[in-house]
Ligand SMILES: [Zn+2]
């Protein structure tokens, strides 16, 4: 599978992402997923930031309503539940998601320090629903099984604008 395409960021995108994050956006290569209204939800970030530091999280969830909804979900104990689901037959798909994540990132730049590292706890653990959901939003459904499940349960959807 090839990397999902993403639009290069406009000046408006960068301004919006900076406002969403509450700090200047760094290393933005493009917008990997958008709200139905067009505002960014997932930022594609350079594997090496402008200051030279490696950055594993190619797909970074920037949308405040989405990050809040996933934080709420993480606080409900769903992480343990999803980890249990991982033992029940989606483990191979999760490993494939991990490999796809790294392939996507390597297609932009191979950073030695990040060898074998993806995000969110992949390939065997569930550590950050924000990173996993961001992967699902960027790649579309059917790539990251845990990210897909997190989005199904979160009280937020890219199809309903919750931008402020
Ligand atoms: Zn919106």
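Throughout, read-outs are computed from the coordinates displayed, never taken from laboratory work. No experiment lies behind these values; they were computed from the predicted model shown. FYI the Cβ positions are ideal-geometry reconstructions off the backbone, even for glycines, and counts take in every protein chain you see.
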**Request:** Using a cut-off of under 17 Å, list every residue of region 143-164 whose amide N is near the label point 7 Å from the Cα of residue 12 along the Cα-to-beta-carbon line.
**Result:** 161-164
**region 130-164 versus region 1-39: alpha-carbon centroid distance in Å** = 16
**Asked** Considering the chain as a Gaussian network with a 10 Å cut-off on Cα pairs, which listed residue, 39, 26, 105, attains the greatest mean-square fluctuation?
**Response** 26
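Compute the length gained on full extension between residue 80 and residue 127: take 0.36 nm times their separation in residues and subtract their Cα-Cα distance, giving the result in nm to one decimal. Kindly include the intermediate steps, with their values, before the conclusion.
On the way: separation 47, 0.36 × 47 = 16.92 nm, distance 0.96 nm.
Working it through step by step, the gained length comes to 16.0 nm.
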**Complete:** Expressed in nanometres to one decimal, the distance between label points 7 Å along Cα→Cβ at residue 2 and residue 112 is 3.0
**Prompt:** Of 80, 91, 131, which is the most mobile in a GNM of the chain whose springs link Cα atoms less than 10 angstrom apart?
**Reply:** 80
**Prompt:** Taking Rh as the Kirkwood radius computed over C-alpha pairs, what is the Stokes-Einstein D of region 6-105 at 25 °C in a medium of viscosity 0.890 mPa s, expressed in µm² per second?
**Reply:** 162
**Residue of 89, 120, 27 that the Gaussian network model of the chain assigns the largest fluctuation, springs spanning Cα pairs under 10 Å** = 89
